[in-house]
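Here is the structure we will look at.
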Amino acid sequence: MLKQLLKSLGTILGADAATLPPKPSSLKKIVDVEFDRDYKNGRRDFRNLILENVNLQGINLRGIDFRGSDFRMVELYHGVQLSGSELSQVTFSGMNLKGIDFSNANLYEAVLVGTDLRGANLNGANLSKANLSYANFYHAFLVGSELPDAQLYAADLSKADLKGANLSRANLSRANLTWADLSNTNLGETDLTMANLSYADLEGSNPQFAHTLFTTLTGVRLPEGIFFVKHKV
């Protein structure tokens, strides 16, 4: 209780800045020519690398292991196939990933700080413990996604579809969830301190178990039998 109170006070005072992406100095670089050659020769292990201007257009990334790699110098277009790919601990911070298909991908502990994910498909994706602070998920699809212990500080999830998502223990403090579909989500121990849930749909969820200190709940649609969400730390 005291730990959560101190955490909520940190949010209110603006003292809980998002974790910065890891410095990639210890990672080895791989350029487009090397990647293309190795991929054609059957290599599928591309862990802990900085992908420098690598062209992934038309390559099916399912089955390739990119764990711990840095994609910030790669252009990811709509044609890049990331559905079901292994992307745990990968860095995508600050990138433009609008409309990208990450459905059923493994993004465990991935770093997407400030990433543009508007309209992206993350249905069924594993985002457990991922750092998604300041990311833009406007109108994105996260149906059935796994987000326990994820960092979503000040993220924009307005009009996002999160039906059936697992947000247990996630940090959504200062997040924008206006008009978001949070029906049937797991909000157990979710930190919603100073978040905006105006007109969000919470039917079938459990907001009574979330931390809602100074949370905006204007016009929110609550589960049957719950008439208000008590502000709690």
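The values are calculated or read from the model by the stated rules, or taken from the named source; none is laboratory data. For clarity, every value in this text was computed on a predicted model and none was experimentally measured. Counting neighbours? That spans all protein chains shown, and the Cβs are built from the backbone with ideal geometry, glycine included. Just so you know, the surface numbers come from the protein's heavy atoms only, side chains and all, with ligands and any DNA or RNA stripped out. Shrake-Rupley method; radii C 1.70, N 1.55, O 1.52, S 1.80 Å.
Observations on the structure shown:
- Applying the condition of being touching a residue at least 40 places away in the same chain (Cβ under 8 Å) and outside any strand (DSSP E or B) to region 65-90 and asking which residue is nearest to Ala110 (Cα to Cα) yields Gly68.
- Of all residues in region 49-64 being in a loop (DSSP other than H, G, I, E, B) and in contact with a Lys or Arg (Cβ under 7 Å, 6 or more places away or on another chain), the one that is nearest to Glu75 (Cα to Cα): Ile64
- Meets criteria (at pLDDT 95 or above and either of a type in the set (A, V, I, L, M) or in contact with a Phe, Trp or Tyr (Cβ under 8 Å, 6 or more places away or on another chain) (or both)) for Ser183: no
- Identity of the residue in region 55-78, surrounded by fewer than 16 Cβ atoms within 10 Å (Cβ to Cβ) and of a type in the set (A, V, I, L, M), that ends up modelled with the lowest pLDDT: Ile59
- Of residues in region 29-46 being within 19 Å of Ser85 (Cα to Cα) and charged (D, E, K, R), the one most open to solvent (accessible area, probe 1.4 Å): Lys40
- Residue list for region 79-102, restricted to those being over 24 Å from Leu152 (Cα atoms) and surrounded by fewer than 19 Cβ atoms within 10 Å (Cβ to Cβ): Gly79, Gln81
- Enumeration of residues in region 130-169 that are part of a strand (DSSP E or B) and either touching a helix residue (DSSP H, G or I) at 6+ places or on another chain (Cβ under 7 Å) or over 24 Å from Met95 (Cβ atoms) (or both): Asn166
- One residue alone among Leu172, Leu177, Leu187, Leu202 is without any contact (Cβ under 8 Å) to a residue 60 or more places away in the chain, within 17 Å of Ser145 (Cα to Cα) and touching a helix residue (DSSP H, G or I) at 6+ places or on another chain (Cβ under 8 Å), and that residue is Leu187.
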